[in-house]
Structure formats: C-alpha cells, structure tokens
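Reading through the structure tokens given below for one structure.
None of the figures in this text is laboratory data; all of them are computed from the coordinates on show. For clarity, every value in this text was computed on a predicted model and none was experimentally measured. Cβ placement follows ideal geometry from the backbone for every residue including glycine, while neighbour counts extend to all protein chains displayed.
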Amino acid sequence: MTNQGYVRLKLSPSDFFFPMAACDGCVMEHRLIMAQHLGRNLHLWELVHHKNHDRSDNRLENLQLVSDERHKQLTILERKIDKLLEKQEDLKSEVRLLRWELRERVHEQNTEAT
C-alpha cells in the first residue's frame, strides 16, 4: 500500500501487463484491474478513477476509466457535491434544533397561560 492509499502489486516480467509496471516491477492494482477488464495495457494518459474515493476499493464497479481532463472535472464536481451534502446535513441539524426550540417556547407559553 502506498502513502496515498493505493494498493501496489508486483508483476512478473512474463506477465502480459508487465509493460504497465514501474521500474520496480510494481503496478497500481486499480490500473491492473481495469487493464484486465479491457484485455489490454493502459496508456499512461489513461486514468482510473475511484468512484467512491476509496483508493483501496478496487472492485471493478468502483472504477472508471477517464482522461485527465475528465478526471479533473469529476473531481471538482464530486467535491462540490460532498460540500453540498455536508451543508444539507448541517441544515437538517439546524432545523431539528429550531423545531425543538419552537416546541419548548410553545410549551412555556401554554404553561404560562394556565
């Protein structure tokens, strides 16, 4: 595993996918899985995107082959979505708190009225 969370695998020089390996004979697992799925070696410019952002989750359904430009667009959009989801959770919490405060005030007013 790399410091960035990617899984690396050592390939034999006789492996069909060895041309994708670095000088040390290792290849990133997500790239290898996509290459095996396509039945060919990946080009250097081809990127494999982790849909759920978990760099160790190399299930094929979590991987997407993209160009560098498309990867940048995906990353920007996914970050914006994540921020909006966080904002939505914050707003839900705020609404719950406001509802609770409103119930307390109504209860206090009802208590004072009797």
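Under a Gaussian network description of the chain, with springs only between Cα atoms under 10 Å, the residue in Arg99, Arg31, Arg59 that fluctuates furthest is Arg99.
In units of 2.2 N^0.38 Å, what is the alpha-carbon radius of gyration of segment 45-91? Before the final figure, lay out the partial values.
Numbers: Rg = 12.4 Å, N = 47, 2.2 N^0.38 = 9.5 Å.
Compared with the compact-globule rule of thumb, segment 45-91 sits at 1.31.
Fewest neighbouring Cβ atoms within 10 Å first, the residues Leu32, Leu44 line up as Leu44, Leu32.
Restricted to Cα atoms, segment 1-58 shows a radius of gyration and a Dmax of 11.0, 33 angstrom. Computing Rg and Dmax of the Cα atoms in Å for the structure here picks out one of [x] 24.7, 88; [y] 13.1, 44; [z] 15.4, 51, namely [x].
Listed by chain and number, the aspartates and glutamates placed with their C-alpha closer than 16 angstrom to that of Lys80 are Glu89, Asp90; residues fewer than eight positions away on the same chain are left out.
Fewest-first ordering of Asp15, Asp24 by other beta carbons within 10 Å of each residue's beta carbon gives Asp24, Asp15.
Taking the longest Cα principal axis of the chain as reference, the axis of helix 68-113 is set at about 20 degrees.
Based only on other Cβ atoms within 10 Å, what is the fewest-to-most ordering of Thr2, Thr111? Don't skip to the answer; put the middle values down first.
Values: Thr2 11, Thr111 8.
Least crowded to most crowded, the residues run Thr111, Thr2.
Between the Cα long axis of helix 29-38 and the first principal axis of the chain there is an angle of about 70°, rounded to the nearest 10.
Pairwise Cα separations in segment 68-114 fall into 5 Å bins from 0 onward with the following percentages, short to long: 5, 19, 11, 12, 10, 8, 9, 6, 7, 4, 3, 3, 1, 1. Distance between the C-alpha centres of segment 1-39 and segment 40-72: 13 Å, rounded to the whole angstrom.
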